[in-house]
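Notes to accompany the following structure.
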Amino acid sequence: MTDIPAIYQGKLQTLDQIRISPLSRAYTFSDSIYEVIPYFSGKPLCFMEHIDRMKKSASVMGLDINYEKAIGDIKELANTLTNQDGYVYYQISRGVDLVRSHLYQDDLEIESFGYAMPASFPTSALSAMLCNDERWGRCNIKSTSLLGNILAMNKAKSLGCQEVVMHKDGFMSEAGASNVFYFDASGAVRTSSLSENILPGITREILIKALKDGPYCVKEGNCAISDFNDSPCIWLTSSTKGMLPLTNLIGTDYKLEENHSGYLEVSKLFNAAMKSHLEVSE
């Protein structure tokens, strides 16, 4: 970790030099938000869309953030990636609170932390497990409070899976770190409507917009998990995964139909849209 660029309260250092108080509310309460911005050959994917989502999360949390500073921090970290693939992780907490209480002090100084990491993004199909959605009720906030995701995904890992698909009362919500799409038995592309239980994914929106005028226009709504049994293809979207199909989904009869023509066409449209977003990003 000695050479990983990191920033804390506006000061660029290396990750091993960062010193964060154990009384940070990010540490004691997960009272913080974050974004992960992927970079491809040094170019960000949807930079301002990530900033806009951060603003929405901060507004709900009541965090008064200096966005000019935050953008400057992220760009300073991104410059260390040069022309590499990788990502910038950026986190903002309510601050260091000397009194550990659910009732935070009114005069806390906003705390910011981030780092840049070269990375190779996944390109292979994934295996997943179906599970109950036991997370808290405001998953539309990109909060560091992710215990429900952690418990579910590590149970899936023990079964040889890389992801989970979560549901409440028989209706799909989302994956552990992705949004979910699938073809239903009629050939329509389906995904769950946005709600307080679903993160508004950046790549989710890219795909929906890419398909809106064609034969695979996405139908958003309540998606019954019973649909999975007859689906020829389920796939996930996220900023770091892009668009990846599921080979199987433990807990259902689903099995990926290899080289499904609809999926291949949707993937082609998605990749073209991703390329255009990279070209126009800052």
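The values are calculated or read from the model by the stated rules, or taken from the named source; none is laboratory data. None of the values given here were measured: they were computed from a predicted structure. Note that each Cβ is placed from the backbone with ideal geometry, even for glycine, and that neighbours are counted across all protein chains shown.
Listed values, structure above:
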read-out	value
One residue from Gly214, Gly251, Gly221 being within 25 Å of Gln162 (Cα to Cα) and not hydrophobic (A, V, I, L, M, F, W, C)	Gly251
Condition met for Ser158 (more than 18 Å from the chain's Cα centre (by Cα), surrounded by 15 or more Cβ atoms within 10 Å (Cβ to Cβ) and polar (S, T, N, Q))	no
Leading residue by the ranking (nearest to the chain's Cα centre (by Cα)) among those in the stretch 43-90 that are crowded, with 18+ Cβ neighbours inside 10 Å, of a type in the set (Gly, Ala, Ser) and under 20 Å from Asp31 (Cα atoms)	Ser57
Condition check for Ile202: in contact with a helix residue (DSSP H, G or I) (Cβ under 7 Å, 6 or more places away or on another chain), closer than 15 Å to Val266 by Cα, at pLDDT 95 or above and surrounded by 21 or more Cβ atoms within 10 Å (Cβ to Cβ)	no
Subset of the stretch 136-155 (residues that are in contact with a strand residue (DSSP E or B) (Cβ under 9 Å, 6 or more places away or on another chain) and either in contact (Cβ under 8 Å) with a residue 40 or more places away in the chain or in a strand (DSSP E or B) (or both))	Cys139, Ile141, Lys142, Ser143, Thr144, Ser145
Some residue of the stretch 220-234 being surrounded by fewer than 18 Cβ atoms within 10 Å (Cβ to Cβ) and within 22 Å of Ser32 (Cβ to Cβ)	no
Positions within the stretch 16-26 being surrounded by fewer than 17 Cβ atoms within 10 Å (Cβ to Cβ) and under 25 Å from the mean Cα position of the chain (by Cα), in sequence order	Ile20
Tally, over the stretch 235-276, of residues that are surrounded by 21 or more Cβ atoms within 10 Å (Cβ to Cβ) and either farther than 30 Å from Ile74 by Cβ or outside the structural domain of Phe183 (by TED's automatic domain parsing) (or both)	5
Subset of the stretch 139-155 (residues that are under 23 Å from Pro122 (Cα atoms), touching a Ser or Thr at 6+ places or on another chain (Cβ under 7 Å) and either buried (at least 18 other Cβ atoms within 10 Å of the Cβ) or not hydroxyl-bearing (Ser, Thr, Tyr) (or both))	Lys142
Close pairs from the stretch 188-203: first at negative phi, partner assigned to a helix (DSSP H, G or I) and surrounded by 20 or more Cβ atoms within 10 Å (Cβ to Cβ), Cβ under 6 Å, at least 6 apart	Ile202/Glu49
Entirely in the stretch 1-109, the strands (runs of 3 or more DSSP E) that have 1 or more residues that are touching a Lys or Arg at 6+ places or on another chain (Cβ under 6 Å)	32-40, 86-93
